[in-house]
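Engineer: I am attaching a structure below and will ask some questions about it afterwards.
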Amino acid sequence: MLPQRILRLVPVLLLVAGLASCATYNQQVGGYYDHYMQGDYAKASSALDGNKLLSKRRNHLLFLLEKGRMEHLLRRFESSNRYFNEADNLMEDGRTSLSDVALSTLLNPMMETYRGEDFEKYMVHYYKALNYLMLDQPAEALVEARRISLRTYAQEDVKGKNKYTQDAFSFMLQGLIYEKNQDLNNAFIAYRNAADLYLAHGGAYYGVTMPLQLKKDLLRSAQLLGFYGERDEYAKKLGYVLTPEDLQDEGGLVLFWENGRAPVKEEENIVFFLSKDAGQFFFTDSRGSLRVPFDLSVGGVDEGRLSSLTSVRAALPRYAVQPLRYSIGQVQVDSLTFDLEPAQSISDLAQETLRERRLKDLSKTLSRLAVSKLAEAALEPEKKKEGKEETKEEKKKRQRQELLATGLRIFNFAKEKADTRNWQSLPHSICYTRVPLKKGIQTVEVQVAGSSSRSY
C-alpha cells in the first residue's frame, strides 16, 4: 500500500501529467500538418474537423485560419472566405478578457484565447482578396484593399510606427487590386506607400529587397496620371528610369508564387538569474546577453522576499524555419523570361516580430514565474530546530506544509509552457511578377529551381 503522503499527492500528480503531456501546437495538430505537407489538402481539411485542440474555444481562430487556407488550396473560394470572414471578425475584437489574464497568470499563455500575429491579420486580407478575384468579384476585392489601410491605422494606434505596423506587400497588393478596378490614382498612392516604406528602411523591409516590379508600377502609374514631378522624384530615389516596354498597355498577367512553408513555433527553456541594481530588480541569462527588468505590475511582490530568489526557468517560443526546396522562379512567355521577385517573407516577418516583442513578453513571463517561486517559498515549513522535540501536532503540520510545497513546485514546473501556436499553413514566402500578354492564346510556363527543379 502506498504511503499516505504519496496518496495525497495523487491529484496533483494527475494534473501535472495532463500539463506535462501538452506538446507543442505543431505536434498536437500533427495529423493535419502531415497531410498538408504531403499536399493532400482534402484529408488535411478533414483532419481539422476532428482535432480536439482546435475544437477548444481558445483556439477557434486557428481553426478558422487553417480551414480557410485549406479551402483556398482546394479552390473552394466561397467556402474559404466564409472561414476567413469569421476569422477577420475575431481578429477585429482585440479585447483581452479577465479570464484570459487569469489563465495566463495561473497556468501559461497557451491557455489564453489566440488572437493572431499582426502579419497573420494582413495575410487574411491577402487570401480574401485572392478569393474574390478568383470568383470574378473585383468590387469585393476592392473592399479588402481598402481594409488594408484601416488595418494599418489600427495597428499604428496600438503600437506606434517604430515596429511592424505597416506591411509593404499588402500595399503592393492594394495597388494591384485598385488597378484591376481601373482606379489608377489610388493604385499610385498604394504603390507610393509601399515604396516609401522600403525607402524608410534602407531599401529592404523584413527580409525583402524592394522589388523591381514595384518601381516600375509606381513610375508607370505616375506617368499615366501625368504626375511628372513625382515620377522624376521617385525615379531618382529608386534609381530606375521607365523604358518603352514598361509603358506598353496590352493587358497582362500578375502571377503570385507561394513558396515553401512558414516557420513553426517550438519551445526553448532558459534559466534566468535575478539580481538588483540601483534599486531595480533585473533578470539576466547565463550568457549575460539579456537583461530584463522585473515587471512590478504582476502584483503580490514583497521586495524583501524577492531578494532571496536566485533563478527561474522560463519556457519561451521560438520559430523553427522550414527548409526550402525551391529558391528561384521564372516565368516564360513567347521566349521572354520574367523573374519571380520576392515580395513577402513570412519566415523573416515571423522571426523579427517575435524578436521585437521579446523583451516585453520576457518581463511579464519572468515576473510571473518569480511570483510563483515566492509562493513556493511561502509554503515551505520552518526548519526543525536542532535539539527540540516536535509534538505530534507540530510534526503533522510540518508534513502537511512540505506536501503542499512539493505539490506546488511540481505543479509550477509542469505548467510552464511556451505559447507555440501560429498559423502553420502559410507559405515561407511570396514572389510575384507582372507578365505582358498579347491578344490570343499564349503559353505561360513557370519554372522553379533549388535543390530540385520543376515546371508548370
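Each value in this text was obtained by applying a stated rule to the coordinates, not by laboratory testing. Just so you know, these numbers come straight off a predicted model, no measurement behind them. So basically every Cβ, Gly included, is an ideal-geometry build from the backbone, and we count neighbours across all protein chains shown.
Engineer: Under a crude label model (7 Å from the Cα following the beta-carbon direction), how far is Ser327 from Ala139 in nanometres?
Structural biologist: A separation of 4.8 nm, rounded to one decimal place.
Engineer: Between Asp249 and Arg57, what is the label-point separation in nm under the 7 Å Cα-to-beta-carbon projection?
Structural biologist: It is 5.5 nm.
Engineer: If you average the alpha carbon positions of the stretch 207-245 and of the stretch 27-93, how far apart do those two centres end up, in angstrom?
Structural biologist: Cα centroid to Cα centroid, the span is 39 Å.
Engineer: Now for a separate question. Quick check on the stretch 135-245: take the gyration tensor over C-alpha atoms, sort the square-rooted eigenvalues as a ≥ b ≥ c, and tell me if it's rounded (a/c under 1.5), prolate or oblate. Each step should come with its number before you reach the end.
Structural biologist: On the way: a/c = 1.99, a/b = 1.13, b/c = 1.75.
Note, shape of the stretch 135-245 comes out oblate.
Engineer: Moving on to the next point. Just to be sure I understand the model, the point goes 7 Å from the Cα along the line to the Cβ. What's the resulting Ser451 to Asp334 distance in nm?
Structural biologist: 3.9
Engineer: In sequence order, what are the phi-derived ³J(HN,Hα) couplings for the stretch 436-444 according to the Karplus relation 6.51 cos²θ - 1.76 cosθ + 1.60 with θ = phi - 60°, rounded to whole Hz, with x for glycine and proline?
Structural biologist: x, 10, 8, 5, x, 7, 9, 9, 10
Engineer: Net charge within 13 Å of Val208 by Cβ-Cβ distance, Lys/Arg positive one each and Asp/Glu negative one each, not counting Val208 itself?
Structural biologist: With Lys, Arg at +1 and Asp, Glu at -1, the neighbours total -4.
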